[in-house]
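> Would you mind keeping the following structure in view while I ask a few things?
The values are calculated or read from the model by the stated rules, or taken from the named source; none is laboratory data. Keep in mind that what you see is a predicted model, and the values were worked out from it rather than measured. Positions of Cβ are backbone-derived with ideal geometry, glycine not excepted, and every protein chain shown enters the neighbour counts.
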Amino acid sequence: MSWQQQLFLRPGLVRALRGVARRLGFEVTGLGPHDAEPHWLEIYDRVEPFTMTSLSRVFACIAAAEHVSKRGIEGAIVECGVWKGGSSMAALLALVRRSDFSREVWLYDTYEGMTAPGEHDAEANKQLFASHSRDDGSSDWCRAELGEVFANIESCGYPMAQMKFIKGRVEKTIPGALPDRISVLRLDTDFYESTRHELEHLYPRLSSGGILMIDDYGAHAGAKRAVDEFLLEESIDVFLSRIDSSGRLLIKP
């Protein structure tokens with residue numbers, strides 16, 4: 001196994017190595033698995049400052065956007081839990097490269113940091129939220145305000161008329177604001193209640209052949225429980241593919 005492949009298998013090492021190199025005045029590029037398309041690495045280099053996810057999960061966003069574009073699968077690109085927009089930027093840059101400007105993009109987030117964990121979420125999450133909470137009820141945990149995210153998304157060159165920035169808790173904004181159809185659905189709100197709510201209202205709108213990505217299935221107990229319960233209760237017989245230690249993906253039948 002090459003050292004590039006070893007880095008690929010260890011989420012966070014690419015970012016750490018690049019950080020050290022930048023402090024020394026160098027720029028490290030081209031890290032990644034041998035099967036990665038060259039433009040995937042270029043897109044990762046572009047979006048890496050704006051995401052906390054792994055190389056594998058960024059590649060999954062790119063591949064998902066290319067999949068639905070190539071196959072003409074109808075629907076919007078939807079992300080719940082946006083932070084600085086890096087994952088959506090990866091999908092948008094893939095669509096721009098294909099000159100596919102046909103899709104709406106819906107970005108749901110509080111744009112005021114994480115919401116409070118609930119009873120089904122880990123105690124560590126509750127302690128972390130408490131340590132980052134503000135007097136006004138917002139949070140410094142994963143906080144990225146709307147103006148910053150807007151500028152990051154705008155830099156991709158995708159038509160801004162196609163963008164929908166939905167501000168607030170998903171439990172309050174959904175189902176009030178929804179796309180008609182969805183081709184790629186990425187869920188990254190970490191916790192049980194929000195993830196369960198998103199699945200109940202958004203998964204039925206995911207097109208056949210569309211892609212669902214769960215960012216935190218392997219990292220947050222609440223997200224995993226919400227996904228497992230939803231798939232079982234709705235009798236959705238699909239295989240969750242492993243992107244990396246945290247991310248999971250399925251293609252809707």
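> Considering only region 234-251, state which residues are surrounded by 13 or more Cβ atoms within 10 Å (Cβ to Cβ) and in contact with a helix residue (DSSP H, G or I) (Cβ under 8 Å, 6 or more places away or on another chain).
Across region 234-251, the qualifying residues are Ile236, Leu240, Ile243, Asp244, Ser246, Gly247, Arg248, Leu249.
> Here is a further query. Taking region 81-103 as the region of interest, how many residues are outside any helix (DSSP H, G or I) and touching a Gly at 6+ places or on another chain (Cβ under 9 Å)? I'd like the intermediate steps shown before the answer.
From region 81-103, those outside any helix (DSSP H, G or I) are 81-85, 98-103; that's our starting set.
From what's left, touching a Gly at 6+ places or on another chain (Cβ under 9 Å): 103.
Residues meeting the conditions: 1.
> Give the number of residues within region 60-95 that are over 10 Å from the mean Cα position of the chain (by Cα) and within 16 Å of Ile251 (Cα to Cα).
Going through region 60-95 one residue at a time, the tally reaches 16.
> Thr53 is checked against (1) in a helix (DSSP H, G or I); (2) within 12 Å of the chain's Cα centre (by Cα); (3) modelled with pLDDT under 95 and fails just one. What number does that condition carry?
(1)
> Can you find, within region 232-253, the residue that is farthest from Gly218 (Cα to Cα) among those that are in contact with a Phe, Trp or Tyr (Cβ under 8 Å, 6 or more places away or on another chain) and outside any loop (DSSP other than H, G, I, E, B)?
That would be Leu250.
> Moving to a separate point now. Cβ-Cβ under 6 Å, sequence separation 6+ or interchain: first residue in region 58-81 and over 18 Å from Gln162 (Cα atoms), partner of a type in the set (Phe, Trp, Tyr) and not in a loop (DSSP other than H, G, I, E, B). Which pairs?
Close Cβ pairs satisfying both conditions: Val58/Tyr44; Phe59/Trp40; Ile62/Trp40.
> If you don't mind, there's one more thing I want to ask. Being at pLDDT below 80 and loosely packed, with under 10 Cβ neighbours inside 10 Å is the filter here; which residues of region 27-44 pass it?
Initially, region 27-44 is screened for residues at pLDDT below 80, giving 27-36.
Across region 27-44, the qualifying residues are Glu27, His34, Asp35.
> For a quick check of your reading: which strands (runs of 3 or more DSSP E) sit entirely within region 153-228 and have at least 2 residues that are aliphatic (A, V, I, L, M) and surrounded by 22 or more Cβ atoms within 10 Å (Cβ to Cβ)? Please lay out each step first, then the result.
Working: elements: 163-167, 182-187, 206-214.
Result: 182-187, 206-214.
> Turning to a different aspect of this structure: Of Val58, Val78, Val68, Val47, which residue is buried (at least 19 other Cβ atoms within 10 Å of the Cβ), at pLDDT 95 or above, of a type outside the set (Phe, Trp, Tyr) and not in a helix (DSSP H, G or I)? Reasoning before the result, please.
Values: Val58 fails: not in a helix (DSSP H, G or I); Val68 fails: not in a helix (DSSP H, G or I); Val47 fails: not in a helix (DSSP H, G or I).
One residue alone meets the criteria, Val78.
> Regarding region 121-138, can at least one residue be identified that is at pLDDT 65 or above and either outside any loop (DSSP other than H, G, I, E, B) or within 16 Å of the chain's Cα centre (by Cα) (or both)?
No: zero hits.
> Now for a separate question. Cβ-Cβ below 7 Å, separation at least six or inter-chain, first residue in region 205-218 and farther than 18 Å from Pro175 by Cα, second small (Gly, Ala, Ser) and surrounded by fewer than 24 Cβ atoms within 10 Å (Cβ to Cβ): which pairs?
Matching pairs, first to second residue: Gly210/Gly75; Asp215/Ser246; Asp216/Ser246; Tyr217/Ser246; Gly218/Ser245; Gly218/Ser246.
> Mind listing whichever residues of region 156-174 are farther than 14 Å from Asp109 by Cα and in contact (Cβ under 8 Å) with a residue 24 or more places away in the chain? Spell out how you get there, then give the answer.
Of all residues in region 156-174, those farther than 14 Å from Asp109 by Cα come to 156-162.
Selection gives Cys156, Gly157, Tyr158, Pro159, Gln162.
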